[in-house]
Amino acid sequence: MAEKKVPLSSSQKSADQENKKFRFPKFKINRKTLKITALVILILIVAAGLSVAGVLISYAASAPELDPAALEAVEASYIFDREEREIAQLHAAENRVIVPIEEIPKQLQEAFIAIEDERFHKHKGVDLLGLGRAVLVNIREGSFAQGASTITQQLIRNAMLDPGKRIERKVQEIWLALQLERRYSKEEILEMYLNRICFGHGVYGVEAAARFYFDKSIGELSLAESALLAGVVRIPEYDNPFYDKEGSINRMKLVLGNMKRLGYISPEEYEEAVSEELIFAEPKSVTYPYPYFIDYVVHHELIDILTEMPEFGSIEDAYEAIYNGGLKVFTTMNTDYQSHLEDVLNRPGLYPQTIYINMTKLREAVNANNGRLPSDYPNAYIDEENGIPQPQSALVLADPKSGEVLALGGGREYSKNRNELLRYLSPRQPGSSIKPVIAYCSAFERGLLGAGSVLDDSPLIGPQGWRPENYAGNFLGMVTVRRALSWSYNIPAIRAYTEHTGLQEGAEKAYRMGLNTYNPQESVPLPSWAIGSREVTALDMAQAYSVFANNGIRMNLHTVRRIEDRNGNVIYEHEAEPEQVLSREAVFITNSILQDVVTSTTARGLSGLGRPLAAKTGTTDDARDIYLATYAPNLVATFWMGYDIKDMGKITSGWNWSSGLMREVFTEVFKTLPRENFPASPEGVVRVEVCTKSGLRPTELCREAGTVGADYFLRNHVPRLTCDLHVEVEICEASGLLAGEHCPPDQVVKEIRFNRPEFIVTDGGWPRGAGRKPLDAEEMPPEETCDIHFEFPAVFLYFTASTTAGRHVLLTWEYSGEAPKEFHLYRQTKNNNGDEAELIKKLGKNANSHHDRNVPPGTYIYTLYAVDKHGNRSQPAVVEVTLHEHQPQLPGKPEIREWNVETDDSGYKVTIKWDYEGSPVDWFRVYRDGRLIHTVNTSEDDRREYTDTNLEPDTYRYQIEAENDDGISKSDEVKITIKDEEPSGKSGDGHFFGGSLLDRLRGFLSASFWRLTI
Ligand SMILES: [Zn+2]
Ligand SMILES: [Zn+2]
């Protein structure tokens, strides 16, 4: 597990190294050699000392007066909030119980002497042998790490000396120790020492320690328990059994070994003690409020600060100063925010569920089960009484302008065990919340991407066959950076990181912004870092996002403003070290997009709070870790939610929970935090109109496709090329393919298609399966030409056009080949303005002419196709015809030229024929006795004859009427008489001569030869 307990943390590397010096001495010194060496060194010191004696004497002379009252008291340190109100004292009165030396068991006294100062009863306050050894080690290691002090010296230092220059302090310590020994007995000195020594957790003195660690009075302690307590005091925060049980028992064995060697205990007592099963007390609750904040101040930042200072230098000295030094620590904590934050984090309703788990037991079971959850989880580990609530959370609030941390939430319900996890220091996977930091912002900075640039959300295969997917499992195709980042698509982020930003550069930027785990010098960045596979702490996330909030300037996050010593001297003051780690232009573009996340996408739960806010959410693939980073210009906040052991559970719809909880925090904080706007667009950023599918300058086609938008780019890196991905193509609707030359025009449509870049289709290796491709692949133009339309095998023998009546066009043709389904006739104005040929008529398969009537004057091209049942067309026949301005002309007067009377079984019939001259006729009408009996459409029927059937013998009057658009003219009436006695067969015919008598005569004469006209 990656979690670390208090006080170890990512910032504790130096502490660990320091620690090793105590736990694993690098060499052992032969006593005899040591004595000789010490003597030589002492001689050297004396020789050198002659020249520096004056200095040393001046140090000793400046030592404070020996003060018995100070020896009795313990001066713990005080913590203040940002208003300089005292909020905590690092020990409480009840944690110190004074007991006289007579009541302190001998073996307990001997245990301390054995480990801390084995010649205590022999020296006069200073142990020259021990000092010599320390000097030797220090010279060898080139440091002042070793500070072998007698019990007397430790007492003096803890009680009386301010942190100061180490050599000066050492001289004073020795000087005062010698005085103390003269004034007090060994018993008195030991009594003072054992009653004020610190055991960690703000516990002072052996009696309080016995109660704290064993729930016993000192009189009841076993030999082993006494030895354990003596082992704690070296570095109480580390050597105590609640922090490091195994380590503290090893220390106990060391103490017992010394006691045996010094003859305090027999080998049998030793054996019995080392094999004793120790039973510890339940850890007590902490004695100060706001532990999630103060724990960080005390165990992390103060230790870091103090160990950096030459006066302290070691963790041991740092804790000594904290617990005995009377320091005043002025922090950045906003008490109102802190208490509100703790209140919010403790509300069960803001979590998907709450279960109380005995985490110690569960961790042991997980360790025993090769790191996997045991099968009896959760039931066997539920502990309603003392369990740790799950899921857990962490929250950091800071002021990005100053770097001051305002409030810290390390979890829910700080437990009785003061070694509660500070979860804002637990590295967990950030998911998508990392994207702006590692994948995008440095690409913005270098102009490699703008908000309107386009990234391809299509399947990709990474190293080792990695096949990432989006949260929703689809591939959106070409998307703008704004859309990709605000909606948190994974593939575009990976492409932005690997193809634009660069693995090394992105990690370097993230590291410089504050993500300590992203140092590319320490581990090789992977493409998956773009979507949060690399763990990060919530505190580091707050540091990184503070750079976005503070216009690209990193102000180091800190909780300590100032430290004063017991006399009010300022020994430390935070110094701001502003560093521009990201350009203002890149920050502006990032902020513009991340504000969309609040107004429109995954952090909508934070919208409507009445001020500009930007945010980025993150959820790991398996929903184990939920991150939210959000900021205003004067506030940065990061939040994590998850289980203390990842596999313990999932949190679905994580963004709902993170935004919901953060909203509760903000509602209170914004009551006092002034509203601020994000900085306006800097000079170097311009808004440019682009095609949102190509990221290039738009064309008319992009506009028609509705994919034009304006977004931000660096002024010197605006797109210059024009979109060539939107293309216009002719599609045959019947086949859905590119139209070919034989596709019927009425089935051909012009479409705007998106010619997206090449892509791969998913295979079975993708978590959500094979056969998926980017959505916009659907918009691509077909690659193939229509395969269902081809040329119909047929030819026109001729195709002619003539005008009739000056305003109609008569088209005639003859055709040879397979029988078509129909003919399609098109007309197009010649020299037109690009008008399409218009389909004017579909004609039946037997047609061989068409009268295109009332055509406006002009020159026309007629095109004729023979078409089969599939719509396939023949080669066209084309003819051109011109119509001039039309002059009105009545049709000529028709003349009835011939008639003929016949009979058959059905009765008599009269066939009349006529002719006419002059301008064209559209319609002929046949009247009998004044009644219309037949109409001829001359465009469909150019015969000029009509047979009237089923007639009875009688006399009839026939008349022909001719009509065109200009009017009507009528023939004269012709009388035809059918006689009753006419024999069957031809009964008569006639020619129009105007006189009925003559007609009849002629009919009579040539009844059989009616065609022979006069
Ligand atoms: Zn376009
Ligand atoms: Zn087609």
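The values are calculated or read from the model by the stated rules, or taken from the named source; none is laboratory data. What you see is a predicted model; the values in this text were computed from it and never measured. Counting neighbours? That spans all protein chains shown, and the Cβs are built from the backbone with ideal geometry, glycine included. Just so you know, the surface numbers come from the protein's heavy atoms only, side chains and all, with ligands and any DNA or RNA stripped out. Shrake-Rupley method; radii C 1.70, N 1.55, O 1.52, S 1.80 Å.
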| query | Right, residue 421: aliphatic (A, V, I, L, M) and more than 17 Å from the chain's Cα centre (by Cα) or not? | reply | yes
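Conditions tested, residue by residue: (1) of a type in the set (Val, Ile, Thr); (2) more than 16 Å from ligand 2 (Cβ to nearest atom); (3) out of contact with any Pro (no Cβ under 9 Å at 6 or more places or on another chain); (4) at pLDDT below 95.
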| site | (1), (2), (3), (4) |
| --- | --- |
| 693 | no, yes, yes, no |
| 696 | no, yes, no, no |
| 703 | no, yes, yes, no |
| 708 | yes, yes, no, no |
| 713 | no, yes, no, no |
| 724 | no, yes, yes, no |
| 745 | no, no, yes, yes |
| 752 | yes, yes, yes, no |
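Conditions tested, residue by residue: (1) part of a strand (DSSP E or B); (2) touching a residue at least 24 places away in the same chain (Cβ under 8 Å); (3) among the β-branched types (Val, Ile, Thr).
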position	(1), (2), (3)
910	yes, yes, yes
914	yes, yes, no
917	no, yes, no
926	yes, yes, yes
935	yes, no, yes
950	yes, yes, no
957	yes, yes, no
960	yes, yes, yes
963	yes, yes, no
| remark: Screening 79, 87, 98, 139 for residues that are over 15 Å from residue 186 (Cβ atoms), open to solvent by 50 Å² or more (accessible area, probe 1.4 Å) and modelled with pLDDT of 75 or more leaves only 98
| query | Just wondering, is there one or more residues in the stretch 842-860 that are within 27 Å of residue 942 (Cβ to Cβ) and within 16 Å of ligand 2 (Cβ to nearest atom)? | reply | no
| request: Please enumerate the residues belonging to the stretch 758-815 that are assigned to a loop (DSSP other than H, G, I, E, B), more than 16 Å from ligand 2 (Cβ to nearest atom) and among the hydrophobic types (A, V, I, L, M, F, W, C). | output: 759, 760, 761, 766, 770, 780, 805
| query | Could you say which residue among 354, 360, 332 is over 32 Å from the mean Cα position of the chain (by Cα) and either open to solvent by 30 Å² or more (accessible area, probe 1.4 Å) or in contact (Cβ under 8 Å) with a residue 24 or more places away in the chain (or both)? | reply | 360
| message | Looking only at the stretch 874-901, filter to residues that are among the charged types (D, E, K, R) and modelled with pLDDT of 85 or more; which one of those is nearest to ligand 2 (Cβ to nearest atom)? | response | 880
| Quick check, is residue 263 small (Gly, Ala, Ser), in a loop (DSSP other than H, G, I, E, B) and closer than 20 Å to residue 569 by Cα? | no
| query | residue 505 versus (1) out of contact with any Ser or Thr (no Cβ under 7 Å at 6 or more places or on another chain); (2) of a type in the set (D, E, K, R); (3) open to solvent by 40 Å² or more (accessible area, probe 1.4 Å); (4) in contact (Cβ under 8 Å) with a residue 40 or more places away in the chain: which is the lone unmet condition? | reply | (1)
| request: Only residues that are open to solvent by less than 30 Å² (accessible area, probe 1.4 Å), closer than 21 Å to residue 485 by Cα and not aromatic (Phe, Trp, Tyr): list them for the stretch 515-530, please. | output: 515, 525, 527, 528, 530
| said: Return the residues of the stretch 700-727 that are exposed (fewer than 15 other Cβ atoms within 10 Å of the Cβ) and either in contact (Cβ under 8 Å) with a residue 12 or more places away in the chain or more than 16 Å from ligand 1 (Cβ to nearest atom) (or both); say none if nothing qualifies. | reply: 704, 710, 715, 716, 720, 721, 722, 724
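This table checks each residue for (1) part of a loop (DSSP other than H, G, I, E, B); (2) in contact with a helix residue (DSSP H, G or I) (Cβ under 6 Å, 6 or more places away or on another chain).
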| position | (1), (2) |
| --- | --- |
| 438 | no, yes |
| 449 | yes, yes |
| 472 | yes, no |
| 496 | no, yes |
| 499 | no, no |
| query | Mind checking whether some residue in the stretch 662-680 is within 28 Å of the chain's Cα centre (by Cα), closer than 30 Å to residue 788 by Cβ and either away from ligand 1 (no atom under 11 Å from the Cβ) or surrounded by 14 or more Cβ atoms within 10 Å (Cβ to Cβ) (or both)? | reply | no
| task | Determine if the stretch 728-739 includes at least one residue that is touching a residue at least 40 places away in the same chain (Cβ under 8 Å), in a loop (DSSP other than H, G, I, E, B), away from ligand 1 (no atom under 16 Å from the Cβ) and surrounded by fewer than 18 Cβ atoms within 10 Å (Cβ to Cβ). | result | yes
| query | Taking the stated definitions as given, is residue 692 under 23 Å from the mean Cα position of the chain (by Cα) and within 29 Å of residue 719 (Cα to Cα)? | reply | yes
| query | Which of the following residues is within 16 Å of ligand 1 (Cβ to nearest atom) and open to solvent by less than 40 Å² (accessible area, probe 1.4 Å): 754, 792? | reply | 754
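Of the residues in the stretch 477-494, how many are open to solvent by 10 Å² or more (accessible area, probe 1.4 Å), assigned to a strand (DSSP E or B) and of a type in the set (A, V, I, L, M, F, W, C)?
Residues in the stretch 477-494 being open to solvent by 10 Å² or more (accessible area, probe 1.4 Å), assigned to a strand (DSSP E or B) and of a type in the set (A, V, I, L, M, F, W, C): 1 in total.
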| message | Given the condition in contact (Cβ under 8 Å) with a residue 12 or more places away in the chain, among the small types (Gly, Ala, Ser), more than 11 Å from ligand 1 (Cβ to nearest atom) and on the phi > 0 side of the Ramachandran plot, answer yes or no: does some residue in the stretch 759-771 qualify? | response | no
| task | Go through the residues of the stretch 548-565 one by one and say whether even a single one is closer than 18 Å to residue 305 by Cβ, modelled with pLDDT of 95 or more, assigned to a helix (DSSP H, G or I) and among the polar types (S, T, N, Q). | result | no
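Within the stretch 872-895, track down each residue that is farther than 30 Å from residue 960 by Cα and crowded, with 19+ Cβ neighbours inside 10 Å.
872, 873, 874, 877, 879, 881
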| said: Tell me yes or no: at least one residue of the stretch 458-476 is touching a residue at least 12 places away in the same chain (Cβ under 8 Å), open to solvent by 10 Å² or more (accessible area, probe 1.4 Å) and among the polar types (S, T, N, Q). | reply: yes
